[in-house]
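Here's the structure, in structure tokens; my notes come after.
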Amino acid sequence: MTAVSSESAAPSTSSRISRRIAAISESATLAVDAKAKALKAAGKPVIGFGAGEPDFSTPDYIVEAAVAACRQPAMHRYTPAGGLPALKDAIVAKTARDSGLQATAANVLVTNGGKQAVYEAFAALLDPGDEVLLPAPYWTTYPEAIRLAGGVPVPVVADEQSGYLVSAGQLEAARTPRTKVLLFCSPSNPTGAVHPAEQVEEIGRWALEAGIWVVTDEIYEHLTYGGVTAPSMPVVVPELADRCVVVNGVAKTYAMTGWRVGWILGPTDVVKAATNLQSHATSNVANVSQAAAVAALTGDLSAVATMRQAFDRRRQTIVSMLREIPGVACPEPQGAFYVYPSVKGLLGRPIAGRTAATSVELAELILEEAEVAVVPGEAFGTQGYLRMSYALGDDDLVEGVSRMQRLLGSAG
Ligand SMILES: Cc1ncc(COP(=O)(O)O)c(C=O)c1O
């Protein structure tokens, strides 16, 4: 574009893009997915383990509810910025059913996916310089959302030795007078780790005593395996409810990533503040999507039970196949649909005539030599790991990991 106004030709000391926005990096997970899709479109037989979304279609009864909503003139109009009353009621009922947390519609804000819920929760809670304890490996969006809201992410690393489970002791060691919030995500993206109830309670009690807020992301609540459950922190520690914001959404449970419906459930003052923000930023979430979410949440959980079975089968396959590769250590995840193997044993060793010094380089090597897309651990705050989503077809999964076995098994 050419500058046309004298105003834009005037000398300026400020940069074109604000420092706040220029500091945001591209989502590494979406970037890997885009690169894999581009290679596929160019005719390469790429197998992608990058995307964090179920490979199933949204169940029919949910789609039908959306079709019906399309034909209702009221759905063609603006609706309350904070969400359709019917959806707020459905979220309240679903929360009582699934986690046991009691709430009212005034505790709920319907957002444009869990992502907007995360951003708005931090925007409502943080002043410039407030620190957020962020257990690492962490979902790649958290630090960006924290910084965008003026906060300072403080990673607290839990490695494979602890099963990627952060402890209250570690959190206490990282606490400073500026600490305002703990971000808690169980089941975890990217590790699939699920904190047991005792540890959730220990962390919740620590937060309560330290006067720390908790933003708890429960978006993978229904994806747990082998009889494991993921308790909700404000249920395990009810006294914390007044300083706890739950983030959730329909994306992962109902294979609805593209519909963009999530929510915040929290104290009324936080919900009101976040609703005010949303009323200026995006207004109501698309009504048709909200109607679909009502059908999802008021229906049963049979669709997620079917997906869970498939994910569990794939989880066992991928873990056992990855464990056959010398230099790869793969803890068994108990939730979500990710494995997070350590590949430290492969770094610096010759593979197909090349060497990778970092997990970023190893992921590139795997994409170029084996045509398999994985996300390097750097995207999640820890170096020397790969994240692989097993939300893809069984045959592709076996073919993709077999290619990795052939390539990485040759490491010198
Ligand atoms: C931990 C976690 N929270 C929240 C989200 C947001 O999901 P969405 O914005 O699609 O509802 C994701 C998506 O990958 C996630 O992994």
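The values are calculated or read from the model by the stated rules, or taken from the named source; none is laboratory data. What you are looking at is a predicted structure, and each value in this text was computed from that prediction instead of being measured. Backbone-built Cβ (ideal geometry, glycine too); neighbour counts: all protein chains shown.
Descriptive notes on the structure:
- Evaluation of Lys344 against the conditions (1) at pLDDT 95 or above; (2) buried (at least 24 other Cβ atoms within 10 Å of the Cβ); (3) more than 20 Å from the chain's Cα centre (by Cα) shows that the sole unmet condition is (2).
Residues checked against (1) farther than 17 Å from Val270 by Cα; (2) under 22 Å from the mean Cα position of the chain (by Cα):
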{"residue": "Pro73", "(1), (2)": "yes, no"}
{"residue": "His76", "(1), (2)": "yes, no"}
{"residue": "Thr79", "(1), (2)": "yes, no"}
{"residue": "Leu84", "(1), (2)": "yes, no"}
{"residue": "Asp89", "(1), (2)": "yes, no"}
{"residue": "Ala96", "(1), (2)": "yes, no"}
{"residue": "Ala105", "(1), (2)": "no, no"}
{"residue": "Val108", "(1), (2)": "no, yes"}
{"residue": "Thr111", "(1), (2)": "no, yes"}
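- Verdict on Ala293 being touching a residue at least 40 places away in the same chain (Cβ under 8 Å) and either at negative phi or in contact with a strand residue (DSSP E or B) (Cβ under 7 Å, 6 or more places away or on another chain) (or both): yes
- Inspection of region 117-127 identifies no residue that is surrounded by fewer than 24 Cβ atoms within 10 Å (Cβ to Cβ), at pLDDT 95 or above and within 24 Å of Val343 (Cα to Cα).
- The helices (runs of 4 or more DSSP H) found wholly in region 43-144 and carrying at least 1 residues that are under 18 Å from Asn284 (Cα atoms), within 16 Å of the ligand (Cβ to nearest atom) and in the same structural domain as Asn189 (by TED's automatic domain parsing) occupy 85-98, 113-125.
- Positions within region 189-229 being among the aliphatic types (A, V, I, L, M) and part of a loop (DSSP other than H, G, I, E, B), in sequence order: Ala193, Val194, Ile212, Ile219, Leu223, Val228
- Put simply, of Ala329, Ala274 the only residue that is in contact with an Asp or Glu (Cβ under 8 Å, 6 or more places away or on another chain), outside the structural domain of Val401 (by TED's automatic domain parsing), closer than 27 Å to Ala230 by Cβ and not aromatic (Phe, Trp, Tyr) is Ala274.
- Reported count of residues in region 20-48, each being modelled with pLDDT of 90 or more and in contact with an Asp or Glu (Cβ under 9 Å, 6 or more places away or on another chain), is 5.
- Residues that are over 17 Å from the mean Cα position of the chain (by Cα) and more than 16 Å from the ligand (Cβ to nearest atom) do not occur anywhere in region 247-266.
- Residue selected from region 196-206 under the condition among the hydrophobic types (A, V, I, L, M, F, W, C) and surrounded by fewer than 24 Cβ atoms within 10 Å (Cβ to Cβ), by the criterion farthest from Gly50 (Cα to Cα): Trp206
- Given (1) surrounded by fewer than 18 Cβ atoms within 10 Å (Cβ to Cβ); (2) more than 20 Å from Ala23 (Cα to Cα); (3) in contact (Cβ under 8 Å) with a residue 24 or more places away in the chain; (4) among the aliphatic types (A, V, I, L, M), number of the condition Ala193 does not satisfy: (1)
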